[in-house]
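In what follows, a structure is listed as structure tokens, so that the remarks can point back to it.
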Amino acid sequence: MLNHTAIGERMSRDQAIGLMLLAASIIVILAYIWLIFFPPIHGVDIFILKLTGAVAVAGIFAILGWIGYTLATTPPPKPIEEIEKEIEQELEKIKEQEKTEEKQS
């Protein structure tokens with residue numbers, strides 16, 4: 001269940017930050033809607049829409065560019081056959097160690 005704090009009880013730091021983020025988000029949403037639908041200055045609504053579009057496109061292509069950079073600079077993984085050979089070699093070493101321990105005891 002959710003732990004709701006009653007009025008007068010002390011909020012944790014995370015809860016206070018969460019409440020501030022919620023309040024700021026609501027204020028920004030309301031201000032954005034007001035600027036788009038009821039612009040105080042002629043042309044502000046178009047500017048806000050252009051700015052929103054530019055930030056959205058730049059953000060999407062920045063993420064896409066980061067993915068491309070990561071793919072281009074990351075070395076390819078080892079082939080499965082090579083990994084299987086390494087595992088087999090390690091298993092052989094362990095078996096040999098067990099045999100030598102059995103002979104010693």
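Figures for the structure shown
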| quantity | calculated |
| --- | --- |
| Kirkwood hydrodynamic radius (C-alpha pairs) into Stokes-Einstein, the chain, 37 °C and 0.692 mPa s, D in µm²/s | 153 |
| Under 23 Å from LYS95, Cα to Cα: lysines that are on another chain or at least 8 residues apart | LYS85, LYS103 |
| Helical mean residue ellipticity (222 nm; -39500 (n - 2.57) per DSSP H run of 4+; nearest 500) of the chain | -27000 deg cm²/dmol |
| Environment charge of PRO77, counting only residues whose C-beta is closer than 14 Å and scoring Lys/Arg +1, Asp/Glu -1 | -3 |
| Trypsin sites (Lys or Arg not before Pro) within the stretch 1-99, DSSP loop, no more than 14 other Cβ atoms inside 10 Å | ARG10 |
| Extreme residue, positive dipole direction of the chain, given options GLN104, ILE36, ALA72 (C-beta unit charges) | ILE36 |
| Phi-based couplings in Hz for the stretch 83-96 (Karplus 6.51, -1.76, 1.60; Gly and Pro marked x) | 5, 4, 4, 4, 5, 4, 4, 5, 5, 5, 4, 5, 4, 5 |
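FYI, it's all coordinate maths here, none of it is from the lab. These numbers come from a predicted model, not from an experiment. For neighbour counting, all protein chains shown are included, and Cβ atoms are generated from backbone atoms with ideal geometry for every residue, glycine included.
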